[in-house]
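Structure first, commentary second.
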Amino acid sequence: MKISFPIMGNSYIAFKQLIRDIGHEPLMAPMPSARTMTLGTMYSPEFACIPFKILMGTYIEAIEKGTDVIISSGGHGPCRAGYYGILHQRIINDLGYNTKVIVFDSVIRTFGDFVKKISWLLDEGKTGWWRFATVFHVVWDKLMALDEIEILSFHIRPYEINKGETSRVYSKCLEMMDQAENRVRIREARDACFQLLHSIPQDKSREPLKIGVIGEIYVLIEPFANLDMQATLGEMGVFTERGTHLSNWTKDNMFMSRHQSRIITAAKPYLRQMIGGHGINSVAETVLYAQRGFDGVIQLAPFSCIPEIVAKGLMPKISRDAGIPVMTIFLDEQMGKAGMQTRLEAFVDLLQQRRQKRLGGAVSW
């Protein structure tokens with residue numbers, strides 16, 4: 001059975017191995033492109049957010065290549081992601097395709113349904129639960145390593161002497177990780193990637209601005225959706241960090257992790273209930289970045305995203321209380337690279353001036 005899945009950051013490398021190792025044929029859709037966006041926009045409701053449209057386009061491109069099943073994740077609360085799978089399936093059927101969409105929601109909230117869907121995939125692939133457990137541990141190691149490598153690339157990029165070298169090395173690292181298929185090889189590839197990244201010529205005398213990146217998970221993780229914002233900032237000499245990666249998001253959805261406990265505690269003075277999506281994370285991470293001395297925060301949100309709109313409404317007070325500037329960027333299919341670049345440059349200039357004033361004397365925000 002040919003199985004495809006959404007492309008979100010570098011996670012496709014791990015998902016591809018998971019599907020193959022449980023007995024199916026992984027079918028990779030093309031990496032998101034202008035054509036993906038065009039297809040997604042053409043067949044999606046006008047009010048749908050940019051993650052929905054990119055996923056819709058990705059699914060159509062996967063179907064064109066012959067996929068039988070598409071596996072995706074869901075959502076809960078006011079966030080409309082909980083309805084994505086249902087609506088995607090309806091649109092696919094209306095287009096005359098028989099491809100099946102399987103949506104995995106939180107293990108905690110839908111344990112029985114989760115087990116039922118995994119069992120179906122294992123039965124179809126003629127794979128037992130013991131084999132699945134073994135495969136899952138290997139793939140989890142790969143997913144963790146991919147996140148660690150990506151984080152290191154963000155930390156090194158603002159110090160690179162030769163602009164663009166970190167991005168070139170990072171691309172090579174993804175190829176190495178794609179070829180590593182057992183725990184030993186994954187660990188070796190991870191260590192080799194760390195060595196390659198650390199060997200990039202760097203100017204450690206620099207004192208880059210530090211910007212925390214928060215927002216909805218898909219536009220945070222998928223470079224196509226955010227116009228490769230973190231790499232752009234890095235090559236502008238800015239140190240960036242985001243609190244949401246697929247590995248810690250998976251932990252939060254499988255059980256109450258220490259990370260999620262910190263999020264709930266940090267958000268409590270401003271937001272005391274879950275509002276769906278990653279709204280509470282955006283509030284909490286802004287507070288945490290301020291406590292760690294970051295110069296600013298950028299909130300990325302799909303246009304019309306309800307949880308992020310709620311979080312944005314709280315940002316002025318958080319910004320005043322914590323003394324940290326926050327810029328919100330709403331993303332849709334109309335956003336272009338030039339527009340993003342202009343907004344980033346303006347925000348970075350503002351933070352530079354603020355830092356200089358602070359070093360020269362007291363300054364208010």
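Bear in mind these aren't lab numbers, they're just calculated from the coordinates by the rules spelled out. Computed from a predicted model, the values in this text were never measured in an experiment. Cβ placement follows ideal geometry from the backbone for every residue including glycine, while neighbour counts extend to all protein chains displayed.
Structure values in brief
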read-out: Mean separation of Cα contacts under 8 Å (6+ apart) over length of the chain, as relative contact order %; value: 17 percent
read-out: Cα centroid separation - the range 1-44 against the range 153-176, whole Å; value: 24 Å
read-out: Fraction of antiparallel bridges per DSSP, the chain only, in percent to nearest 5; value: 5 percent
read-out: Once the Cα gyration tensor of the range 204-345 is diagonalised, semi-axes √(5λ) in Å; value: 22, 18, 15
read-out: Test item: Cα-centred dipole of the range 143-205, Lys/Arg +1 and Asp/Glu -1 on Cβ, debye; value: 100 debye
read-out: Pairwise centroid distance, computed over Cα atoms, of the range 115-138 with the range 262-299, Å; value: 36 Å
read-out: Value of D in µm² per second that Stokes-Einstein yields for the range 307-365, Kirkwood Rh from Cα pairs, at 25 °C (0.890 mPa s); value: 184 µm²/s
read-out: Partnerless cysteines, meaning none of the other Cys C-beta atoms lie under 4.7 Å away, in the chain; value: C49, C79, C305
read-out: Charged-residue dipole, Cβ positions (Lys, Arg, Asp, Glu), the chain about Cα centre, Debye nearest 20; value: 880 debye
read-out: Contour minus Cα-Cα distance for F47 and S261 (0.36 nm per residue); value: 73.7 nm
read-out: Cβ-based charge dipole, the range 19-82, positive-most Cα from C79, S33, I60; value: C79
read-out: Cα Rg over Rh - the range 56-118, Kirkwood; value: 1.00
read-out: Equivalent ellipsoid, the range 2-127 (semi-axes from 5 times Cα gyration tensor eigenvalues, Å); value: 22, 18, 13
read-out: Positive-end residue of G243, H137, P51, charge dipole of the chain with Cβ unit charges; value: G243
read-out: 222 nm mean residue ellipticity, helices alone, for the chain (DSSP H n ≥ 4; -39,500 (n - 2.57); rounded to 500); value: -18000 deg cm²/dmol
read-out: Relative contact order computed over the range 118-195 (Cα-Cα under 8 Å; 6+ residues apart), in percent; value: 33 percent
read-out: Normalised contact order of the range 208-365, rounded percent, pairs of Cα under 8 Å and 6 or more residues apart; value: 27 percent
read-out: Where GluC sites (Glu not before Pro) fall in DSSP loop in the range 73-158, at most 10 other Cβ within 10 Å; value: none
read-out: Gain on full stretching of the segment that runs from Q353 to D68 - 0.36 nm per residue minus C-alpha separation; value: 97.2 nm
read-out: Theoretical gain in end-to-end length, R168 to K317 [0.36 nm per residue, Cα-Cα removed]; value: 49.6 nm
read-out: For the range 132-207, the spread of Cα positions along each principal axis, largest first, Å; value: 47, 20, 15
read-out: The range 1-159, dipole about Cα centre (Lys/Arg Cβ +1, Asp/Glu Cβ -1), debye to the nearest 20; value: 80 debye
